[in-house]
4 protein chains.
Amino acid sequence: MKIAFIGLGHMGSPMARNLLKAGHTLHVYDVIQSSIDHAVSAGATAEKSVRAAVSEAELVITMLPSSPHVRSVYLGEEGVLANVAREVPLVDSSTIDPHTARDVAALAAKQGNPMADAPVSGGTGGAEAATLTFMVGATRDLFNQIQPVLAQMGKNIVHCGDSGNGQVAKICNNMLLAISMIGVAEAMSLGVALGIDAKVLAGILNTSSGRCWSSDTYNPYPGVMEGVPASRGYTGGFGADLMLKDLGLASDAARQSRQPIALGASAQQLYQMLSSQGFGGQDFSAIIKLFQKS
Amino acid sequence: MKIAFIGLGHMGSPMARNLLKAGHTLHVYDVIQSSIDHAVSAGATAEKSVRAAVSEAELVITMLPSSPHVRSVYLGEEGVLANVAREVPLVDSSTIDPHTARDVAALAAKQGNPMADAPVSGGTGGAEAATLTFMVGATRDLFNQIQPVLAQMGKNIVHCGDSGNGQVAKICNNMLLAISMIGVAEAMSLGVALGIDAKVLAGILNTSSGRCWSSDTYNPYPGVMEGVPASRGYTGGFGADLMLKDLGLASDAARQSRQPIALGASAQQLYQMLSSQGFGGQDFSAIIKLFQKS
Amino acid sequence: MKIAFIGLGHMGSPMARNLLKAGHTLHVYDVIQSSIDHAVSAGATAEKSVRAAVSEAELVITMLPSSPHVRSVYLGEEGVLANVAREVPLVDSSTIDPHTARDVAALAAKQGNPMADAPVSGGTGGAEAATLTFMVGATRDLFNQIQPVLAQMGKNIVHCGDSGNGQVAKICNNMLLAISMIGVAEAMSLGVALGIDAKVLAGILNTSSGRCWSSDTYNPYPGVMEGVPASRGYTGGFGADLMLKDLGLASDAARQSRQPIALGASAQQLYQMLSSQGFGGQDFSAIIKLFQKS
Amino acid sequence: MKIAFIGLGHMGSPMARNLLKAGHTLHVYDVIQSSIDHAVSAGATAEKSVRAAVSEAELVITMLPSSPHVRSVYLGEEGVLANVAREVPLVDSSTIDPHTARDVAALAAKQGNPMADAPVSGGTGGAEAATLTFMVGATRDLFNQIQPVLAQMGKNIVHCGDSGNGQVAKICNNMLLAISMIGVAEAMSLGVALGIDAKVLAGILNTSSGRCWSSDTYNPYPGVMEGVPASRGYTGGFGADLMLKDLGLASDAARQSRQPIALGASAQQLYQMLSSQGFGGQDFSAIIKLFQKS
């Protein structure tokens, strides 16, 4: 299939390579020339504008850093909507606020282009190994249409309901993830301060009602698990500043929908404190630093 | 074995019955006569004082509501330590603060009685079905000695380390449980406010990094799961006021060990608000009421 | 002076009347016809568009509900910038986020119109009595130029620095106000629960280091002061939902400037809870309801 | 008057000296010999036990670090109650929890000794200058009886109601103080991050509804005020760890009276974080460090 792929950052680049491996023709665009060169060396065709990239595309995929970028790439005079052929499906894999996702999708639908929001989880590792989870907000028809292509970049392709619901699922999951990660960090730190062995405590939590992904798969306490960021100085993994961005999206969405989020808002502030103390580039499990003696 | 069992409340009564079923001789004491009568009808021998209950016991088990009760029952002039034979092992299954547990155990050890703290989780249902989890703080020798008897009242008998560590494990687990339950309540409420279907969202959380016991086994959103308190008006289960008590133990222990617990402290206040609004008698998953429009 | 006044809501209407009393000629515009009629009956000239209102103005004053309204009224094709004469000063008294205030002011400056942000505090009572406080973000020259007119609508006209700083001052003040109001609500409720008389406690706070405007001028505990909303069922005053809006501006600005605000974010969530429980229309001191037994 | 003075720490020593200056005869006791020597050099008579100090006293004053010390000094076999003459008034100036204060006072009353709790504020500076504030929980008769002596050590002698209410007033005031100090720290930090000058912002807060003691008398932002800890590296003043202790008393009292304190509990955790990061010995306005880039 002839695919326009716009946005070749840390996540977009390996995703594009997996599409090339699957045999698609890719027309790529990014504002950074070296990212384009990289994709060209993997077999893609470089384009000098969004307009050029989408003009003959049968499918458009975008992977952009924030809501204003999505608005600009899709709605600008030289953007996707003004230059893509009618009926071509559009897939935005950026993580942005649900309201923007729905606004842009509604404008696309109005001119005859079905559009899906399909944010991912799984990190750069998942992007390279094609094991990403896609959380898709789209009509059932559009979901069925794009599912095979997404499956070439990921393992779990989940239909979350109509437009915007992919974003909703992602920010709700990540808010809960942040809260439970901080909860594990507090519980492990408190337990050790009170005299229990860290591995013994983790073992108990993992078989009790405190069990969660942050305790049994990604424990933040150093030395409890192997192969997780906590065992290698909080390098790699999912950056604290990316979690902070997602918590910002959650609190913004909560504000707009007039929904209280007590612990979610506190989690956002704790991640902001961690970032202000200079640890924003570390894995998000480094939040445990706030609960340990310095 | 000749066992003294002191404290026959909601949890203690079914635990005592399971020991009787297992063939032990029970000498029971409680301040409420009807509780004693109930145990007698199941085969126990009633005693009129702690002193009388423990004087010929080969093992003492207590199940009391709070730290002051434990101090009084063990350390009072008419209490356990003053009247039990040397070398008889003592097991306190109350949920209390680790400092008190360690203080009393140290006094017991000093006079030759090995003592374990062994708080439980699993609720009255688990007590009746003999499927409780015991979190045991004791020496390895004492643990091996009492393990067979505890196994007649429960399914998972976990050695958490030395004296007090059973309490540490319990309050850390329950603090994490409260935090993740509130996290699920916030994430589910926010998601639905933003337009996603509750069951779809729960399905995504349960297979993603937000996964936790509160989402996949005890979801607080009405209608998402069957057989949980949320599906029957938040009746049954683990009471919000009991969770509030455990969060009080956690914050107290954190204060004494000078350990910050940001979300744990907020969770305590949210449960206090729920209780002040009149819902302390409902299941602890009713915390979701704070995040829904009234 | 020939003044264009755009936005005749609860605050704008009495402000416009005070300008008429001071002898100015007013050309007014609002989307609600009855608001215009009301102003006309006080001596203003009705206009059918922003364009018509500003075309001959020597000064433009706007009082609008939110940032998107300000963008639209100033930057739209039929808006202020496209239709006002060069060098005419522009004063926006809306409470909006500082970034928008600075963006719009920069565009205005570019085409030769000096622009000030001048949000107010003092409520509708202050607007009617011409006792408002204006917090002004503007160059020193512009401040000197507009100060006499603002003084006809208010009592304290404060220069907060350059463009946007009026908004900064307002949202910082109101965030601190929300925090200290909640602090007073908690301290008074706790004290009374512990057995002290409410008036005695207020008297001590007001002469000690806990002293603040929320305790000595606007005490939220019923019966402590006369003439405040707490003494009349939390009617009148500054609405809880308006405080919630300002806390949203504060948290949004904090997020954009990557600044942690721990208690500010919690205050926002507590006001959202109050609003979700149906009390958003009451005075903001009604937050004490969250800390009292129901 | 013949006064027994027990507890000669940082606060007790200067208080005792002021009583000597006023012409009283002092019999002093402390566990630290150098503290006793110091008092002796100022004219006091050293005693080797609580018993000896109180045996001929006409008034007993104590200044102790915590509730367990108060229990021990008053209720121990060699303590105040067992050795003081009947009808001699007892004044405890320690800052402790209200429940303990009431328990001890009730036992004292039972044997005929009227007892007051009279915690102070004003710091060591106030203790030396005899400008302390005493918050007194006592019957009206006892208050009238001890007021003249307290006035020799302080400036404001406030009757807060019956037994325990001195402690209630103190912990409520200090909880509110902590909350408003953090509020000022957040508001000042946010404002400066958004571009306003710190002194300009402080000036606006101090004349607006955000006004509070922490902003107008003790501003935590460096350079805004002279003569406050923020202008000298957060040395001197009221230590962060002392504030943390008082917040612990407040949260403990709130828990026992089942009263929610949302921001109070968060303030406690923020001060615990500050302390864990090594700043517990600095003035409590150093909390602003948590809100500034490192």
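Every read-out reported here was derived from the displayed coordinates using simple, explicitly stated rules and does not represent laboratory data. The model shown is predicted, which means the values in this text are computed figures rather than measured ones. In this analysis, Cβ positions are derived from the backbone assuming ideal geometry, glycine residues included, and neighbour counts consider all displayed protein chains.
Numbers for the structure displayed
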read-out: Taking only Cα atoms of the stretch B:2-163, radius of gyration then Dmax in Å; value: 13.9, 37
read-out: Gaussian network model of chain D, springs between alpha carbon atoms under 10 Å - residue of D:Ser35, D:Ser231, D:Ser257 with greatest fluctuation; value: D:Ser257
read-out: Over 25 Å between alpha carbons, listed pairs C:Lys245/D:Lys293; C:Lys170/D:Lys199; D:Lys110/D:Lys245; A:Lys293/D:Lys289; A:Lys289/B:Lys155; B:Lys2/B:Lys170; value: C:Lys245/D:Lys293; D:Lys110/D:Lys245; A:Lys289/B:Lys155; B:Lys2/B:Lys170
read-out: Length-normalised contact order for chain D - Cα pairs under 8 Å, 6+ apart - percent; value: 13
read-out: Cysteines in chain A that, by Cβ-Cβ distance, have no pairing candidate under 4.7 Å; value: A:Cys160, A:Cys172
read-out: Two-decimal Rg/Rh across the stretch D:23-75, once Rg and the Kirkwood Rh are taken from alpha-carbon atoms; value: 0.95
read-out: Inter-copy separations for C:Gly9, label at 7 Å along Cα-Cβ, nm, ascending; value: 3.5, 5.3, 5.3
read-out: Estimated vicinal HN-Hα couplings, Hz - the stretch D:71-79 in sequence order (Karplus 6.51, -1.76, 1.60; Gly, Pro = x); value: 4, 5, 5, 8, 9, x, 4, 9, x
read-out: Other-chain or far-sequence residues with amide H under 5 Å of C:Thr139's (modelled H); value: C:Ser163
read-out: Inter-copy label distances at A:Ser55 (7 Å, Cα→Cβ; nm, one decimal); value: 4.3, 10.3, 10.8
read-out: Gyration tensor (Cα) of the protein assembly as shown, equivalent ellipsoid semi-axes in angstrom; value: 55, 44, 24
read-out: Translational diffusion coefficient (Stokes-Einstein; Kirkwood radius from C-alpha pairs) of the stretch D:86-205 at 10 °C, 1.306 mPa s, in µm²/s; value: 99
read-out: Value of [θ]222 nm, deg cm²/dmol, for the protein assembly as shown, DSSP H segments ≥ 4, -39500 (n - 2.57) each, nearest 500; value: -14500 deg cm²/dmol
read-out: Low-density loop cleavage sites - chymotrypsin sites (Phe, Trp or Tyr not before Pro) in the stretch D:192-294, where at most 12 other Cβ are within 10 Å (DSSP); value: none
read-out: For the protein assembly as shown, share of DSSP beta bridges that run antiparallel, in % to the nearest 5; value: 15
read-out: Solvent-free Debye scattering, log10 I(q)/I(0), computed from the Cα coordinates of the stretch B:168-291 at q = 0.14, 0.21, 0.22, 0.23 Å⁻¹; value: -0.57, -1.18, -1.26, -1.33
read-out: Built amide H within the under 5 Å cut-off of A:Ile157, gap 5+; value: A:Phe134
read-out: Inter-chain Cβ neighbour average for residues B:245-256, partner chain, 10 Å; value: 4
read-out: Dipole magnitude of the stretch B:1-157, debye to nearest 20 (Cβ charges: Lys/Arg +1, Asp/Glu -1, about Cα centre); value: 220
read-out: Nearest beta-carbon to the D/C symmetry axis - residue in chain D, distance in Å; value: D:Cys212, 2
read-out: Range in chain C, longest, excluding exposed trypsin sites (Lys or Arg not before Pro) [loop by DSSP; at most 10 other beta-carbon atoms within 10 Å]; value: C:87-294
read-out: Cβ-vector label at 7 Å, A:Ile32, separations to other copies in nm; value: 5.0, 5.9, 6.7
read-out: Shape box of the stretch B:133-172 [Cα atoms, principal axes, largest first, Å]; value: 25, 20, 8
read-out: With Cα atoms, 0 to 90° folded angle of helix C:140-150 axis to chain C main axis; value: 80
read-out: Among beta bridges that DSSP assigns inside chain B, antiparallel share in %, nearest 5; value: 15
read-out: Per principal axis, descending, Cα span of the stretch C:217-277 in whole Å; value: 41, 23, 15
read-out: Between 0 and 90°, nearest 10: helix B:240-256 axis offset from chain B longest Cα axis; value: 80
read-out: J(HN,Hα) series, the stretch A:156-167, from Karplus relation 6.51 cos²θ - 1.76 cosθ + 1.60, nearest Hz, glycine and proline x; value: 10, 10, 10, 7, 9, x, 5, 2, x, 6, x, 5
read-out: DSSP loop GluC sites (Glu not before Pro) with at most 12 other Cβ within 10 Å excluded, longest remaining stretch of chain D; value: D:88-225
read-out: Dimensionless Rg ratio for chain A, taking C-alpha atoms and the 2.2 N^0.38 Å reference; value: 1.07
read-out: Vicinal HN-Hα couplings computed from phi for the stretch C:17-28 (Karplus, 6.51 cos²θ - 1.76 cosθ + 1.60; Hz; Gly/Pro x); value: 4, 5, 5, 5, 4, 6, x, 7, 8, 10, 10, 10
read-out: Angle in degrees between helix C:262-274 and the longest Cα principal axis of chain C, rounded to the nearest 10; value: 90
